[in-house]
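Here is the structure we will look at, set down as structure tokens.
The values are calculated or read from the model by the stated rules, or taken from the named source; none is laboratory data. Source: prediction; values computed, not measured. Backbone-built Cβ (ideal geometry, glycine too); neighbour counts: all protein chains shown. Ligands, DNA and RNA are excluded from the accessible area calculation, which covers all protein heavy atoms including side chains. Shrake-Rupley method; radii C 1.70, N 1.55, O 1.52, S 1.80 Å.
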Amino acid sequence: MLKLYGFSVSNYYNMVKLALLEKGLPFEEVLFYPGPSAEAFAISPRGKVPVLGVEQGFVNETSVILEYLEHSQKGAPLLPSDPFERSQVLALAKEIELYIELPGRACYGEAFFGMTVPEAIKDKTKAELLLGFASLSRHGKFAPYVAGDSLSIADLYFLYSVPLACAVAQKLFDLDLLAEMPAAKALLERLEQNPHVQRIAKDKEAAMPAFMAMVASKK
Ligand SMILES: N[C@@H](CCC(=O)N[C@@H](CS)C(=O)NCC(=O)O)C(=O)O
């Protein structure tokens, strides 16, 4: 059986978990905190999660795991079969990761964990998030899903990156990044009604105290 290594508070972990649930694939969750440890390096070269355990070994990097699932498993497709359509979904997912998730992540420490992030990093995040959301509003179709009429890998990145980046922008810069994107707001509301998304949100809530205790122990 497929094994999903990571923890339920991780947004990248939840992207893969939602793909597994949407595809209706059986999988086992293995609680695993990342970090520079021999245990982590044994399954993930950079010590990050999620990691997918498969028959032959381990698959790391969320985008690669998602493509692996797409090509190796049955269930609802999250990528179109047409190469051009597929390229559009993958480009949107990559744009969200590079230009929204990663700049937002640089400020998670201050926005969510009571740490202080240097002003220069905050300035960079703010500028990059503005560009990232402008890019999403140009490329996203929101008809009603990010890349068109069906749920795709781009929606997984959208759902588990955009609200976090918006929370960063609201808390640190008093900015509503979705103010001019009503269709994106509507999509978030639609996705939040999905039973699998609701299950993942409940699991995240349940896992939060242990995660915060782990973060506090490392301060
Ligand atoms: N590029 C990685 C990023 C995954 C990632 O950043 N995971 C976080 C948890 S949400 C992590 O493992 N952080 C620990 C660290 O950076 O050391 C992927 O796409 O899977």
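Descriptive notes on the structure:
- At a probe radius of 1.4 angstrom, the accessible area of the chain per residue rounds to 51 square angstrom.
- Taking the protein heavy atoms of the chain in the context of the full set of protein chains, the accessible area attributed to carbon and sulfur is 57 percent at 1.4 Å.
- Distance between the modelled labels on Glu70 and Ala206, one decimal in nanometres: 3.1 nm (7 Å Cα→Cβ projection).
- Beta bridges by DSSP in the range 1-135, antiparallel share as percent, to the nearest 5: 60 percent
- Amide H contacts of Tyr145: Ser150, each under 5 Å away and 5 or more positions distant or on a separate chain (H built 1.01 Å from N in the peptide plane; Pro and chain starts excluded).
- Calculated Rg and Dmax of the range 83-191 using C-alpha coordinates, Å: 13.7, 44
- Sorting the segments 85-95, 9-19 by their residues' average number of neighbouring beta-carbon atoms within 10 angstrom, most packed first, yields 9-19, 85-95.
- Note that the range 143-151 has calculated 3J(HN,Hα) couplings of 10, x, 8, 3, 9, x, 8, 9, 4 Hz, one per residue in order, obtained from phi through the Karplus relation 6.51 cos²θ - 1.76 cosθ + 1.60 (θ = phi - 60°); glycine and proline are x.
- Label-point separation, Ala183 to Gln56 (7 Å along Cα→Cβ), nm: 4.0 nm
- For the chain, the orientation-averaged shadow of the C-alpha convex hull comes to 12.1 nm² (one quarter of the hull surface).
- Kirkwood Rh, angstrom, the range 129-180 [1 / mean 1/r, Cα pairs]: 11.5 Å
- Take 208-218, 157-167 and order them by the average number of nearby Cβ atoms within 10 Å per residue, most first; the result is 157-167, 208-218.
- With each label modelled as a point 7 angstrom along the Cα→C-beta vector, the Leu31-Gln193 pair spans 3.4 nm.
- Fraction of the pair-distance distribution of the range 1-100 above 22 Å, Cα-Cα pairs, percent: 29 percent
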